[in-house]
Ligand code: FE
């Protein structure tokens, strides 16, 4: 390392990052209205991938639900962090309403059904989901699941369909 003439709090780090480290992800316009960036998930439900972490098994997305959208009843074996950016929503299984600025932690063992109430045209929520989510019937029978790999797959198919090519997802995968 070269001797630095002068060092203060604005002196940037001088060394290379570890060569095994993965590149950062920077999404300048995460809330974009460019519909190609929003992957359809079910009726009136989309997600915008931000980080699809296949090496640690979690995914970070923006969830967008339009009027009358429902996110199917599901169980979380691992914790989830959420932060509401726009609109309002609730879980059928809880008595609170999440609104712009609300933070939510969903502990392992949570099973819930997300609905957007009357009068809300659109909600957008940041979610970090770990491991997987299991779609279940009202008595907990598992009907299906999502994990980081099914999410990557949905993204590939969508980006191919809208003309961006399936490799477009790679910028979000680590
Ligand atoms: Fe959930």
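If you go through segment 80-130 and pick out every residue that is under 19 Å from residue 142 (Cα atoms) and in contact (Cβ under 8 Å) with a residue 60 or more places away in the chain, you end up with 2. Selection within segment 112-125: residues that are surrounded by fewer than 19 Cβ atoms within 10 Å (Cβ to Cβ) and closer than 21 Å to residue 150 by Cβ. The member of this set that is nearest to the ligand (Cβ to nearest atom) is 112.
Conditions tested, residue by residue: (1) more than 15 Å from the chain's Cα centre (by Cα); (2) modelled with pLDDT of 95 or more; (3) farther than 10 Å from residue 87 by Cα; (4) exposed (fewer than 15 other Cβ atoms within 10 Å of the Cβ).
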| residue | (1), (2), (3), (4) |
| --- | --- |
| 103 | no, yes, yes, yes |
| 110 | yes, yes, yes, no |
| 127 | no, yes, yes, no |
| 131 | no, yes, yes, no |
| 137 | yes, yes, yes, yes |
| 144 | yes, yes, yes, yes |
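Inspect segment 55-68 for any residue being surrounded by 12 or more Cβ atoms within 10 Å (Cβ to Cβ), touching a helix residue (DSSP H, G or I) at 6+ places or on another chain (Cβ under 8 Å) and farther than 26 Å from residue 122 by Cα and give the result as yes or no. Checking segment 55-68: at least one residue is surrounded by 12 or more Cβ atoms within 10 Å (Cβ to Cβ), touching a helix residue (DSSP H, G or I) at 6+ places or on another chain (Cβ under 8 Å) and farther than 26 Å from residue 122 by Cα.
Which of the residues spanning segment 77-101 are surrounded by 14 or more Cβ atoms within 10 Å (Cβ to Cβ), within 14 Å of the ligand (Cβ to nearest atom), over 18 Å from residue 51 (Cβ atoms) and more than 14 Å from the chain's Cα centre (by Cα)? Spell out the reasoning first.
Looking only at segment 77-101, we keep the residues that are surrounded by 14 or more Cβ atoms within 10 Å (Cβ to Cβ), and these are 78-91, 98-99.
Checking which are within 14 Å of the ligand (Cβ to nearest atom) leaves us with 78-84, 89-91, 98.
Then drop every residue that is not over 18 Å from residue 51 (Cβ atoms), which leaves 84, 89-91, 98.
Residues satisfying the conditions are 89, 90, 91, 98.
Scanning segment 146-167 for residues that are touching a residue at least 12 places away in the same chain (Cβ under 8 Å) and more than 17 Å from residue 106 (Cα to Cα) gives 148, 149, 151, 152, 154, 155, 156, 158, 159, 162, 163, 164.
Quick one: is residue 148 surrounded by 15 or more Cβ atoms within 10 Å (Cβ to Cβ) and closer than 15 Å to residue 75 by Cβ?
Numbers: surrounded by 15 or more Cβ atoms within 10 Å (Cβ to Cβ): yes; closer than 15 Å to residue 75 by Cβ: no.
No: the conditions fail for residue 148.
Of the residues that make up segment 114-121, is at least one touching a helix residue (DSSP H, G or I) at 6+ places or on another chain (Cβ under 8 Å) and either under 16 Å from residue 46 (Cα atoms) or at pLDDT 95 or above (or both)? No, that holds for no residue.
The values are calculated or read from the model by the stated rules, or taken from the named source; none is laboratory data. None of these values were measured; they are calculated from a predicted model. Note that we place each Cβ from the backbone using ideal geometry, even for glycine, and neighbour counts take in every protein chain shown.
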